Each structure stands twice: as structure tokens, then as C-alpha cells.
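*Asks:* If you scroll down you'll find the structure; I have some questions about it.
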Amino acid sequence: MFKKILIANRGEIALRIQRTCREMGIKTVAVYSTADRDSLHVRFADEAVCIGPAPSAKSYLNMSSIIAAAEITNADAIHPGYGFLSENAKFSEICALHGIKFIGATPDQINAMGNKSMAKETMKKAGVPCVPGSDGVLNDVKEAKKIAGKIGYPVIIKASAGGGGRGMRIVWEESEIQKAYDSAKQESAAAFGNDDLYMEKYIEEPRHIEFQIVGDQYGTVCHLSERDCSIQRRHQKLLEETPSPFMTPELRDEMGTAAIKAAKSVNYEGVGTIEFLVDKHRNFYFMEMNTRIQVEHPVTEEVINYDLIKEQILVAAGVPISGKNYFPERCAIECRINAEDPYNDFRPSPGKILNLHKPGGHGVRVDTHVYAGYTIPPNYDSMIAKLIVVARTREEAIVKMRRALDEFIIEGIHTTIPLHMQLMNDKNFIEGNFTTAFMNTFELK
Ligand code: MV4
């Protein structure tokens with residue numbers, strides 16, 4: 001087992017990883033930027049190394065500083081958390097070259113899934129359901145028109161190097177295709193330095209349902225059921241829950257089997273997520289694979305009683321998994337609390353937290369790095385806390401979430417708490433009647 005893990009991240013996830021390391025008897029090394037000197041992840045770690053100034057490009061994305069920090073502290077593994085270097089193939093490779101275990105995917109697995117059209121071709125070959133569309137990348141707009149004519153409008157043009165919605169264009173009729181093709185090409189060239197595009201039939205108002213999977217070093221893969229992440233705004237998830245209110249036992253079996261097939265096709269090792277689009281007829285299609293621990297992993301942990309960070313560490317150390325799939329026996333909901341003003345177009349609201357009261361009690365979990373007197377720096381992601389509740393039924397979970405949101409007091413900055421409170425009282429949300437289009441028509445009162 002590892003003796004010391006360097007955690008190449010900040011905020012709540014750095015604390016979350018430290019907690020598991022402590023329980024496993026593993027020493028921790030924190031890295032921090034000058035903007036994070038007063039952070040809890042620095043104070044609670046066994047050792048801490050400053051890796052650069054506030055901008056992430058010079059600190060949390062600075063591979064040579066992080067490797068140097070691992071070498072001087074003698075860390076035998078690096079946990080990248082989510083975001084930053086968590087899906088960086090080069091960093092995974094550099095860690096290996098330095099004899100440091102990267103607690104995440106191999107460079108090959110990251111590359112195979114990072115290119116979306118390549119990933120899709122791999123999944124098609126493996127027999128995972130995919131949205132009808134182009135075979136690989138589009139050569140020119142003439143080919144795009146031909147394929148669109150065959151599969152029928154609306155279609156969606158996507159960037160191979162994309163993800164998270166960038167370089168995507170929906171095309172409703174042939175007259176729009178040239179413009180969409182040209183602008184998607186330009187946008188992806190500028191954003192990713194790669195202008196490869198591919199095409200799919202556009203699935204209108206789908207649900208976004210993802211499966212948690214775990215694979216070990218010996219080829220065993222299991223799934224830990226699904227999370228419904230349909231409640232999002234501009235590709236930023238706001239709330240996640242498990243089980244999905246749209247799920248049926250039959251669909252879970254089918255999707256879980258497909259998720260395992262997807263992971264096995266790339267010899268996946270570690271924890272990962274297979275994202276699917278699900279249409280109103282419950283047809284499901286592979287969308288993307290994430291080769292990292294995700295923000296929303298706690299809802300899965302709460303319903304199946306499983307520490308996913310511990311599992312990540314065990315698998316990275318070569319411990320085999322049982323191979324048994326897990327099914328939710330309770331209902332969990334996570335609300336992402338962001339330092340943003342939901343009444344002003346979600347404008348970031350960094351600054352000092354003057355007063356803080358965190359909710360607690362039965363079935364309530366708060367994953368956060370903030371405290372009264374803490375100043376939220378303007379340099380990073382605006383998520384400051386995750387409020388997670390677990391209960392026997394979805395109705396009870398919603399009631400508990402309302403109660404917990406009501407107890408949560410954060411003074412000095414704006415947060416998304418009022419938005420979540422309104423969601424918990426929304427008739428369609430309560431009835432489980434929502435898709436990825438839900439937030440388009442949501443009006444904050
Ligand atoms: C789609 C789609 C409909 N049809 N693909 C958005 C992010 C990127 N990873 C893929 N996305 C979508 N792909 C087809 N063929 C709709 C979306 C989409 C979406 C997906 C999941 C969650 C939220 C979304 C919001 C808008 C569009």
C-alpha cells in the first residue's frame with residue numbers, strides 16, 4: 001500500500017481525499033497556490049508545498065512543480081482529484097516515468113476517451129449503443145449534408161476534441177449546415193487546437209444519466225448504478241441524484257451491462273463514469289466516458305455505502321475487486337452550492353464568508369472546505385460546498401434537502417442556495433418530470 005499520497009488539487013475534493021487517506025493510514029502532501037495559503041487542505045495535510053502563484057496555469061496545472069513537490073516529499077502516488085490534471089494523459093505519463101503512481105487512468109485510456117469521435121468508434125465496435133451518425137470524423141460539408149440527409153434532421157455537429165458542450169452546433173435544416181459546420185470548425189480549432197468534427201442525430205430533450213464503474217488491474221469491471229445529472233445549466237451540473245426517477249430495473253440492467261462493456265473495451269482500471277443520453281422512449285446512447293472521480297460521486301457513496309476514493313486507492317495499489325454490481329437501496333440528492341448570484345445571471349461572487357452555519361443531522365452530509373472568515377479567491381471554480389442528503393424514498397430525500405437548505409447559513413457572499421430551495425418545491429422536479437432542457441424554462445423567483 002502507498003505510504004504517502006500527494007493530492008494535486010484544492011478545495012473540497014482535496015479535503016475529501018485527505019480524509020480517506022487518514023482512515024487508511026496513508027500520509028498526505030498538500031500542494032497549494034499563494035491564493036490558497038489559508039485553506040484547510042493546507043492546514044490539515046501532513047505536509048504542504050507551495051507550487052506557484054494564483055493562476056491555475058502556474059500552480060495546479062504546473063506539472064513540473066507538482067512532480068518536484070512529490071519528489072522532495074517522497075510521495076509514492078499522486079491523486080489528481082477532478083478537473084486540473086485529472087484527465088491529462090501527459091501528466092499521467094510523466095508520473096509513471098518518475099515512478100510515481102498516478103491514481104487515475106493510464107495515458108492510453110485517457111487518450112482513447114479524450115477524443116470523442118474515436119471513443120465513439122471504440123464503443124460501436126464493442127457493441128455499446130451509440131447515436132446514429134457519421135463513421136468517425138467528417139471530411140467536408142458535402143459529406144456532412146449527405147449524412148444528415150440519410151439520418152434526418154435535426155442533427156448535431158460535435159468537436160472530436162470537445163466535451164462539455166464546446167464546439168457543438170445543432171442543425172435543424174439543410175440550409176443552416178454550411179454555417180454551423182464552419183463555425184464549429186473555427187470554434188474547436190481555437191478552443192482545442194484540433195478542428196475535427198463528427199455528426200450525430202440530435203436527440204431532443206434527453207436525460208443525462210451516467211453509470212459509475214470500477215475496474216481493477218486484472219480485468220474485472222463492475223457498475224455501481226446510475227446518477228441522474230439532467231438538472232444543469234449551460235453544461236454546468238447543479239444537482240445530481242440516484243437512483244434516477246426515470247430508471248426501471250430492466251433499463252438499469254441493460255445500461256449497467258453496456259457500461260461494463262464500454263469500460264472493458266478499453267481495459268479500464270480505476271473508477272470511471274460512462275455518460276449516456278436517454279430519450280423519452282428509454283432508448284439510451286453512449287455519450288462520453290470520464291476517466292476521473294467526479295464531483296457528484298458522494299450520491300453513489302451514500303446509497304451503496306462505499307468509499308469511492310478508498311476504492312480508487314485500493315485498485316491503484318493492485319487490490320482486486322469482487323466484481324459484484326451494486327444497486328441503490330436508498331435515495332440520495334446532491335446540491336452544488338456555488339458562490340454565484342443566481343439572481344444576476346450566476347455572476348461569480350467571491351469574497352469573505354462572514355458567518356457560516358452548516359446543516360447536519362440524520363442523513364445529511366456537507367463536503368466543503370469553507371469556514372467562517374474564509375475568503376473565496378476569484379481564481380478558481382465557484383463551487384464552495386456540496387450538500388448531500390440520503391433517505392429511504394425520494395420524497396423523504398426532498399423533504400430532508402429542504403430542511404438542510406433552510407439550516408444552511410452563508411453570509412457575506414451570494415450563493416445558489418435559493419435556487420436549490422425553489423427546485424425542491426418545483427412540481428415537475430418533485431414528480432421526477434425533467435430533462436436536460438429543464439433549466440431553460442426555470443424562472444427564479
Ligand atoms: C447530444 C445532445 C443531443 N443529441 N448529442 C452536451 C455536452 C456534450 N457532452 C454532449 N451534449 C449533448 N449531446 C446528441 N446526439 C444533447 C447534448 C446536451 C446535453 C447533454 C447532457 C447534459 C446536458 C446537455 C445540455 C445540452 C445539450
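*Asks:* Of all residues in the range 209-237, count the ones that are within 11 Å of the ligand (Cβ to nearest atom), in contact (Cβ under 8 Å) with a residue 60 or more places away in the chain and surrounded by 21 or more Cβ atoms within 10 Å (Cβ to Cβ).
*Replies:* 5
*Asks:* I've got another one for you. How do the pairs read when you match residues in the range 119-136 that are without any contact (Cβ under 8 Å) to a residue 60 or more places away in the chain with residues anywhere that are of a type outside the set (A, V, I, L, M) and within 14 Å of the ligand (Cβ to nearest atom), using Cβ under 6 Å and keeping only pairs 6 or more apart or on different chains?
*Replies:* K124/C130
*Asks:* Does the range 259-278 contain at least one residue that is at pLDDT 95 or above, crowded, with 19+ Cβ neighbours inside 10 Å, over 17 Å from the mean Cα position of the chain (by Cα) and in a strand (DSSP E or B)?
*Replies:* Yes, some residue in the range 259-278 is at pLDDT 95 or above, crowded, with 19+ Cβ neighbours inside 10 Å, over 17 Å from the mean Cα position of the chain (by Cα) and in a strand (DSSP E or B).
*Asks:* Now, a different point. In the set G215, G167, G193, G162, which member is on the phi > 0 side of the Ramachandran plot and in contact with a helix residue (DSSP H, G or I) (Cβ under 9 Å, 6 or more places away or on another chain)? Lay out the reasoning, then the answer.
*Replies:* Values: G215 fails: on the phi > 0 side of the Ramachandran plot; G193 fails: in contact with a helix residue (DSSP H, G or I) (Cβ under 9 Å, 6 or more places away or on another chain); G162 fails: on the phi > 0 side of the Ramachandran plot.
Exactly one residue qualifies, and that residue is G167.
*Asks:* Here's another thing I want to ask about it. State yes or no: is L138 within 16 Å of the ligand (Cβ to nearest atom), farther than 15 Å from G163 by Cβ and surrounded by 16 or more Cβ atoms within 10 Å (Cβ to Cβ)?
*Replies:* Values: within 16 Å of the ligand (Cβ to nearest atom): yes; farther than 15 Å from G163 by Cβ: yes; surrounded by 16 or more Cβ atoms within 10 Å (Cβ to Cβ): yes.
Yes.
*Asks:* Go through the residues of the range 49-56 one by one and say whether even a single one is buried (at least 24 other Cβ atoms within 10 Å of the Cβ) and part of a loop (DSSP other than H, G, I, E, B).
*Replies:* no
*Asks:* What single numbered condition from (1) at pLDDT below 95; (2) surrounded by 15 or more Cβ atoms within 10 Å (Cβ to Cβ) fails to hold for D341?
*Replies:* Only one criterion in (1) at pLDDT below 95; (2) surrounded by 15 or more Cβ atoms within 10 Å (Cβ to Cβ) is unmet by D341, namely (1).
*Asks:* I need the full set of residues from the range 246-273 which are touching a helix residue (DSSP H, G or I) at 6+ places or on another chain (Cβ under 8 Å), β-branched (V, I, T) and farther than 27 Å from A385 by Cβ, in order please.
*Replies:* Matches in the range 246-273: V266 only.
*Asks:* Just the residues that are in a loop (DSSP other than H, G, I, E, B), in contact with a Lys or Arg (Cβ under 6 Å, 6 or more places away or on another chain) and of a type outside the set (A, V, I, L, M), please, taken from the range 128-146.
*Replies:* Selection gives P132 alone.
Residues are listed down the side, and each one gets a yes or a no for (1) surrounded by fewer than 17 Cβ atoms within 10 Å (Cβ to Cβ); (2) part of a loop (DSSP other than H, G, I, E, B); (3) not assigned by TED's automatic domain parsing to the domain that holds D253:
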{"position": "L61", "(1), (2), (3)": "no, yes, yes"}
{"position": "S64", "(1), (2), (3)": "yes, no, yes"}
{"position": "I67", "(1), (2), (3)": "no, no, yes"}
{"position": "I78", "(1), (2), (3)": "no, no, yes"}
{"position": "I94", "(1), (2), (3)": "no, no, yes"}
{"position": "Q109", "(1), (2), (3)": "no, no, yes"}
{"position": "M123", "(1), (2), (3)": "no, no, yes"}
{"position": "A148", "(1), (2), (3)": "no, no, yes"}
{"position": "Y153", "(1), (2), (3)": "yes, yes, yes"}
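*Asks:* Give the residues of the range 177-204 that are more than 16 Å from the ligand (Cβ to nearest atom) and out of contact with any strand residue (DSSP E or B) (no Cβ under 8 Å at 6 or more places or on another chain), sorted by residue number.
*Replies:* Q178, K179, D182, Q186, A189, A190, G193
The values are calculated or read from the model by the stated rules, or taken from the named source; none is laboratory data. Just so it is clear, the structure is predicted and the values come from calculations on it, not from any experiment. All Cβ positions, glycine included, derive from the backbone under ideal geometry; neighbour counts span all protein chains shown.
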